[in-house]
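Input: a single structure, listed below in structure tokens.
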Amino acid sequence: MLVAARGGTPSHLPVWFMRQAGRSLPEYRSLREGVPMMRACFDPALLAEITMQPVRRHGVDAAILFSDIVVPLFAAGVAVDIVPGTGPVVAEPIRTAKAVAELPGLSAGQVEPVTDGIALLLRELGETPLIGFAGAPFTLASYLIEGGPSRNHEHTKALMHAEPELWHALADKLADVTLAFLRAQLDAGVDAVQLFDSWAGALSRRDYREFVFPHSAKVLAGVAGYGVPRIHFGVGTGELLPAMREAGADVVGVDWRIPLDEATSRLTEATGTAPVVQGNLDPALLMASWPVIEAEVRRIADEGKAARGHIFNLGHGVLPETDPTVLTRVVELVHSL
């Protein structure tokens, strides 16, 4: 995976899955029974065991740290909780200058249980790389402003345009929080990082450039000195891919809405150099018959050859209803290609 991420020639096409650790696995559901999400994210032994489960079961080429986008906010002292069936919910949405000014920062000590979990993982993973991750400033800001998941991000967009100085103050603070969380993971020994901008696809290219790009670029530049691959991913971001790469991505995550060869063409045309891409099987298609899945996997692997490097993945996270045996078969097929 690391060879592919750096544009080299790996021994086989590498594969891992976003949300590979989680509700699709019966062993995860058993382990999490009666345990709130945040407690699981801050219990080093539990965090490590959950992260390892898909590595053992599927034989994927990377582990991704079991965590959540709002973990650094929770650690910093923001009143946020993950409500089953809903997602992150913020007790008091942040929409005023006073609320932004009072938003706390994050220190490495506040995420020590996470870094302790990383230490446990590194002893067990062996040669399998560990990917750290964090939410990008825009997506974190959206949760804070909306108070939870949002279909239209109306409060976020309104604040951006009506009070741009307030928006940039908030996004800059969140960039610092994200950067502190990623640096803590990197100092603990993760081998790569992924910056999730889950909701960036809700924006136009112009708005992304003006309101989001500077803050994501600050985060990605802030971890450049570690020399590890930086993966940048968002959903519905086909029109934003060149800007997301320009922000500092070594690997551009691509969702299922755009073919990998077309994404590669757009990225090459915009920057003059062929990219390394990650993706992009539609996670819903894992519910289809095996011949359908196999054909899609082969198509995506073939389209990925247009890039300088390709890490096979889904176009978003594993759905909870996914049969884990299908994921294992996908890994075996990808490795055979």
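Structure values in brief
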{"item": "Members of the stretch 106-163 that are hydrophobic (A, V, I, L, M, F, W, C) and not in a helix (DSSP H, G or I)", "result": "Leu106, Leu130, Ile131, Phe133, Ala134, Ala136"}
{"item": "Test: residue in the stretch 217-232 that is touching an Asp or Glu at 6+ places or on another chain (Cβ under 9 Å), of a type in the set (D, E, K, R) and either under 14 Å from Gln194 (Cα atoms) or in a loop (DSSP other than H, G, I, E, B) (or both)", "result": "yes"}
{"item": "Which listed residue is among the aliphatic types (A, V, I, L, M), without any contact (Cβ under 8 Å) to a residue 24 or more places away in the chain and part of a helix (DSSP H, G or I), from Val292, Val297, Val326", "result": "Val292"}
{"item": "Residues that are under 21 Å from Ser11 (Cα atoms) and in contact with a Leu (Cβ under 6 Å, 6 or more places away or on another chain), drawn from the stretch 323-337", "result": "Val334, Leu337"}
{"item": "Residue, surrounded by the most Cβ atoms within 10 Å (Cβ to Cβ), within the stretch 248-272, restricted to residues that are modelled with pLDDT of 95 or more and of a type in the set (S, T, N, Q)", "result": "Thr264"}
{"item": "Candidates Val212, Val177, Val190 - the one that is modelled with pLDDT of 95 or more, under 18 Å from the mean Cα position of the chain (by Cα) and in a loop (DSSP other than H, G, I, E, B)", "result": "Val190"}
{"item": "From Val297, Val331, Val252, residue being of a type in the set (Val, Ile, Thr) and within 30 Å of Ala171 (Cβ to Cβ)", "result": "Val252"}
{"item": "Test: Val297 is within 20 Å of Pro54 (Cβ to Cβ) and of a type in the set (Val, Ile, Thr)", "result": "yes"}
{"item": "Which numbered condition Gly304 misses (of (1) surrounded by fewer than 19 Cβ atoms within 10 Å (Cβ to Cβ); (2) assigned to a helix (DSSP H, G or I))", "result": "(1)"}
{"item": "Any hit, the stretch 161-176, residues being touching a residue at least 24 places away in the same chain (Cβ under 8 Å), touching a His at 6+ places or on another chain (Cβ under 7 Å) and acidic (Asp, Glu)", "result": "yes"}
{"item": "Checklist (1) under 26 Å from Trp256 (Cα atoms); (2) touching a residue at least 12 places away in the same chain (Cβ under 8 Å) applied to Arg206, failing item", "result": "(2)"}
{"item": "Of all residues making up the stretch 19-28, the number that are buried (at least 22 other Cβ atoms within 10 Å of the Cβ), in contact (Cβ under 8 Å) with a residue 60 or more places away in the chain and under 17 Å from the mean Cα position of the chain (by Cα)", "result": "1"}
{"item": "Residue that is surrounded by fewer than 23 Cβ atoms within 10 Å (Cβ to Cβ) and more than 26 Å from Leu130 (Cβ to Cβ), where the choices are Ala243, Ala221, Ala217", "result": "Ala243"}
{"item": "Exclusive hit being under 20 Å from Leu13 (Cβ atoms) and either among the small types (Gly, Ala, Ser) or in a loop (DSSP other than H, G, I, E, B) (or both), set Ala263, Ala270, Ala284", "result": "Ala263"}
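Quick grid of which residues meet (1) over 19 Å from Gly135 (Cβ atoms); (2) in a loop (DSSP other than H, G, I, E, B); (3) touching a helix residue (DSSP H, G or I) at 6+ places or on another chain (Cβ under 7 Å):
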site: Pro10; (1), (2), (3): yes, yes, yes
site: Phe17; (1), (2), (3): no, yes, yes
site: Ala21; (1), (2), (3): no, yes, yes
site: Met52; (1), (2), (3): yes, no, yes
site: Ser67; (1), (2), (3): no, yes, yes
site: Ala75; (1), (2), (3): no, no, yes
site: Pro88; (1), (2), (3): no, no, yes
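The values are calculated or read from the model by the stated rules, or taken from the named source; none is laboratory data. Nothing here was measured: the structure is a model prediction, and the numbers come from that model. Note: ideal-geometry Cβ built from the backbone for every residue, glycine included; neighbour counts use all protein chains shown.
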